[in-house]
Amino acid sequence: MADRVTVIGWDGSPLTDAARSALGAATLVAGAAHHLALPEVPPTAERVRLGSVALAARRIAAHRGTAVVFADGDPGFFGVVRTLRAPEFGLEVEVVPAVSAVAAAFARAGMPWDDAQVVVAHPRTLRRAVNVCRAHTKVAVLTAPGAGPAELGLLLDGVHRTFVICEELGTEREQVTVVTSDKAADHTWRDPNVVIVIGGRAVAAESGGWIAGRDPGAGPRGWVQPDAAYADGHSGALGGRLGEGETELLRAAQLARLGPRIGDLVWDIGSGSGAFAAEAARAGAAVIAVDLDPRACARTEAAGRRSGVQLQVVRGSAPHVLENLPEPDVVRVGGGGVAVVSAVADRRPQRIVTHAATRDAAELVGRDLTEHGYRVECALLQSVELDTRAWTETERSVAFLLSGILPDRAP
């Protein structure tokens with residue numbers, strides 16, 4: 001097998017002494033076409049065009065000699081090092097790093113990036129990468145053929161973002177272009193490229209920060225906030241009591257059943273005060289909130305602003321308005337009954353939660369979910385609020401919580 005595998009990161013700058021030394025002793029060199037064309041590659045070395053890293057690793061493992069693998073940017077950052085270090089190949093790996101493509105892209109843009117989310121987009125993960133761009137104000141996307149700036153822009157329909165597109169960083173053909181997301185599909189972009197996606201309401205952060213990416217401690221503590229945070233006295237002219245399906249404990253149970261997370265798209269149908277939508281977005285998920293009432297749409301937008309999260313609010317009547325929405329991962333149905341639940345189930349999200357006021361209504365919804373192939377759970381939730389000054393009951397709520405889990409898409 002190969003005596004040693006040295007992985008050289010390449011960012012367009014001259015090779016370091018360590019990289020030159022490793023390359024001069026190489027009997028096999030693997031990399032992209034522009035790597036193999038470098039004058040420092042020994043003319044007698046076997047050259048392997050790097051497509052599938054796993055296939056290349058098998059070839060390197062069987063090679064008798066010393067191998068070098070080239071990679072753009074820092075090969076330890078979403079790069080080839082992870083694959084080459086897999087136990088089945090048995091390779092001893094040394095790394096000569098370079099500036100990552102993400103760091104180079106933000107440097108070209110003159111922007112800090114410690115507060116950015118970083119995602120990889122290829123055809124299999126493109127939808128999840130887009131959901132991160134929906135939910136966050138600064139995202140770096142490492143693209144791939146078939147999952148580039150044009151595809152990102154098309155899938156962000158209805159959400160305005162600015163793209164900083166950095167093509168072929170570190171080469172003579174390097175180019176940086178700034179376009180709005182709706183115009184990205186009007187151009188042809190060269191690979192490789194990195195897209196910085198910027199937009200939405202920025203959340204004020206302490207200077208310097210303390211953790212890369214989104215601060216998990218931003219905002220008030222707790223998965224859900226008290227009902228009063230979304231009701232009278234907190235929304236001005238838009239205030240009002242929460243709906244029967246929006247109480248604090250019911251929201252907590254709904255969030256626990258759905259488990260929204262980064263990369264998910266959540267539908268909140270019948271958003272009401274926007275309480276659930278805001279709290280799902282605080283978990284890092286992208287959220288589309290739907291309501292027919294313009295006052296509810298305004299309250300949902302206000303709840304998003306107060307919580308410092310990105311929400312897309314769509315006014316319309318379900319189930320008809322759902323036809324043009326992108327595919328959801330999990331869905332809360334706050335109103336509309338069996339007809340809306342059935343329309344949602346037709347879209348095959350992983351999980352659905354809803355509530356019913358009576359057992360008969362709960363049974364109708366549960367039967368429909370079962371017919372759609374969902375595993376159904378139902379619980380009767382009762383909460384009693386007490387005034388702790390006198391320990392007297394002030395409010396009581398009762399609801400049937402229904403959840404449907406699609407077995408072939410779980411978790």
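Consider V344 against the criteria (1) free of Cβ contacts under 8 Å to residues at least 40 places away in the same chain; (2) over 20 Å from the mean Cα position of the chain (by Cα); (3) within 23 Å of R261 (Cα to Cα): it satisfies all of them except one. Which criterion is unmet?
(1)
I want to confirm something. Restricting to the stretch 300-325 and keeping residues that are part of a loop (DSSP other than H, G, I, E, B) and among the small types (G, A, S), which single residue is farthest from the chain's Cα centre (by Cα)?
Residues of the stretch 300-325 that are part of a loop (DSSP other than H, G, I, E, B), as a first pass: 308-310, 316-319, 325.
Adding the requirement that they be among the small types (G, A, S) leaves 308, 316-318.
Details: G308: 17, G316: 25, S317: 27, A318: 25 Å.
So, considering only residues that are part of a loop (DSSP other than H, G, I, E, B) and among the small types (G, A, S), the one farthest from the chain's Cα centre (by Cα) is S317.
Give me the pairs: first residue in the stretch 35-48 and touching a residue at least 12 places away in the same chain (Cβ under 8 Å), second residue of a type in the set (F, W, Y), beta-carbon distance under 6 Å, and six or more apart or on different chains, which are they?
That search, which allows pairs on different chains as well, returns H35/F70.
Give me the residue from the stretch 207-241 that is under 30 Å from A103 (Cβ atoms) and either modelled with pLDDT of 85 or more or outside any loop (DSSP other than H, G, I, E, B) (or both) and, out of that set, most open to solvent (accessible area, probe 1.4 Å).
Applying the filter and picking the extreme gives W210.
When only residues in the stretch 277-299 that are more than 18 Å from P260 (Cα to Cα) and either part of a helix (DSSP H, G or I) or among the basic types (K, R) (or both) count, which is most open to solvent (accessible area, probe 1.4 Å)?
The residue in question is R295.
If only one of T370, T358 is out of contact with any Leu (no Cβ under 6 Å at 6 or more places or on another chain), among the β-branched types (V, I, T) and free of Cβ contacts under 8 Å to residues at least 40 places away in the same chain, which one is it?
Details: T358 fails: free of Cβ contacts under 8 Å to residues at least 40 places away in the same chain.
On inspection, the qualifying residue turns out to be T370.
Report the residue count in the stretch 352-387 for those that are open to solvent by less than 80 Å² (accessible area, probe 1.4 Å) and either under 22 Å from G259 (Cβ atoms) or in contact with a helix residue (DSSP H, G or I) (Cβ under 7 Å, 6 or more places away or on another chain) (or both).
19
Specify which of the listed residues (T44, T66, T27) is β-branched (V, I, T), farther than 30 Å from G213 by Cβ and in contact with a Lys or Arg (Cβ under 6 Å, 6 or more places away or on another chain).
On the way: T44 fails: in contact with a Lys or Arg (Cβ under 6 Å, 6 or more places away or on another chain); T27 fails: in contact with a Lys or Arg (Cβ under 6 Å, 6 or more places away or on another chain).
Only one candidate qualifies: T66.
Residue by residue through the stretch 126-151, note down the ones that are more than 9 Å from the chain's Cα centre (by Cα), open to solvent by less than 40 Å² (accessible area, probe 1.4 Å) and polar (S, T, N, Q). Outline the logic, then answer.
Start the filter on the stretch 126-151 by keeping residues that are more than 9 Å from the chain's Cα centre (by Cα), which leaves 126, 137-151.
With open to solvent by less than 40 Å² (accessible area, probe 1.4 Å) added as a condition, the list becomes 126, 138-144, 147-150.
Once the filter is applied, which keeps residues that are more than 9 Å from the chain's Cα centre (by Cα), open to solvent by less than 40 Å² (accessible area, probe 1.4 Å) and polar (S, T, N, Q), the stretch 126-151 yields only T143.
Do any residues in the stretch 167-196 that are in contact (Cβ under 8 Å) with a residue 12 or more places away in the chain and open to solvent by 50 Å² or more (accessible area, probe 1.4 Å) have Cβ atoms under 8 Å from those of residues that are of a type in the set (V, I, T) and part of a loop (DSSP other than H, G, I, E, B), where the two are at least six apart or on different chains, and which pairs are they?
Between residues of the stretch 167-196 that are in contact (Cβ under 8 Å) with a residue 12 or more places away in the chain and open to solvent by 50 Å² or more (accessible area, probe 1.4 Å) and residues that are of a type in the set (V, I, T) and part of a loop (DSSP other than H, G, I, E, B), the close pairs are D191/T143; P192/T143.
Looking at (1) loosely packed, with under 14 Cβ neighbours inside 10 Å; (2) touching an Asp or Glu at 6+ places or on another chain (Cβ under 7 Å); (3) basic (K, R), can you tell me which one R4 breaks?
It fails just one condition, (1).
The values are calculated or read from the model by the stated rules, or taken from the named source; none is laboratory data. The structure presented is a predicted model; accordingly, all values stated were derived computationally and were not measured. Note: ideal-geometry Cβ built from the backbone for every residue, glycine included; neighbour counts use all protein chains shown. In case anyone asks, the SASA skips ligands and DNA or RNA and just uses the protein heavy atoms, side chains included. Shrake-Rupley method; radii C 1.70, N 1.55, O 1.52, S 1.80 Å.
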